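Structure first, commentary second.
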Amino acid sequence: MGDQNPMDQVDPPKKAQHLPAVLSVAEVDALLAVPDTNTPLGLRNRTMLEVMYATGLRVSELVNLKLDDLHLEIGLIQTIGKGDKERIIPIGDVAAHWLQRYLTEGRPFWANNRPLMSSS
């Protein structure tokens, strides 16, 4: 054997990957109940939470959404994700309801090229 180490041919064990902590259904319900949906800001915040929960959008994807990215009539959101890759994401009925409500009550008019969830 001499100079050769047989362990050089063996891959080291992989490090254990820990799953991220997730919220319980009760915690999600409590979080969704916080925004005051009687105000435009609260309505926007509730919509943001509902969309993130329903779609798994990253925060950066959510805040960069534009009106043209929504395809509520077919239940889809189009976004540009990590690595400039286009993603087409299905959106559930509850999140679509909050988006529609936000569009009609919270943001009745804006330019198509402005971010959908703008604070101004």
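Among the residues making up segment 54-104, a single one is under 22 Å from Leu41 (Cβ atoms), surrounded by fewer than 13 Cβ atoms within 10 Å (Cβ to Cβ) and of a type outside the set (Val, Ile, Thr): Ser60. State which residue is modelled with the highest pLDDT when the search covers only segment 76-97 and only residues that are over 15 Å from the mean Cα position of the chain (by Cα) and of a type outside the set (D, E, K, R). Restricting to residues being over 15 Å from the mean Cα position of the chain (by Cα) and of a type outside the set (D, E, K, R), the top hit is His97.
Specify which of the listed residues (Ala33, Ala96) is aliphatic (A, V, I, L, M) and touching a residue at least 12 places away in the same chain (Cβ under 8 Å).
Numbers: Ala33 fails: touching a residue at least 12 places away in the same chain (Cβ under 8 Å).
Of Ala33, Ala96, the one residue that is aliphatic (A, V, I, L, M) and touching a residue at least 12 places away in the same chain (Cβ under 8 Å) is Ala96.
When Leu49 is tested against (1) in contact (Cβ under 8 Å) with a residue 24 or more places away in the chain; (2) surrounded by 12 or more Cβ atoms within 10 Å (Cβ to Cβ); (3) under 14 Å from Met117 (Cα atoms), exactly one condition is not met: (1).
Out of the residues in segment 13-52 that are in a loop (DSSP other than H, G, I, E, B) and among the hydrophobic types (A, V, I, L, M, F, W, C), which is modelled with the lowest pLDDT? Working first, answer last.
Start the filter on segment 13-52 by keeping residues that are in a loop (DSSP other than H, G, I, E, B), which leaves 13-24, 33-39.
With the extra rule that they be among the hydrophobic types (A, V, I, L, M, F, W, C), the set shrinks to 16, 19, 21-23, 33-34.
Working: Ala16: 84, Leu19: 87, Ala21: 89, Val22: 89, Leu23: 91, Ala33: 97, Val34: 97.
Looking at residues that are in a loop (DSSP other than H, G, I, E, B) and among the hydrophobic types (A, V, I, L, M, F, W, C), I get Ala16.
The values are calculated or read from the model by the stated rules, or taken from the named source; none is laboratory data. Quick caveat, the model's predicted, so the values are computed rather than measured. Glycine also receives a Cβ, built like all others from the backbone with ideal geometry; neighbour counts cover every protein chain displayed.
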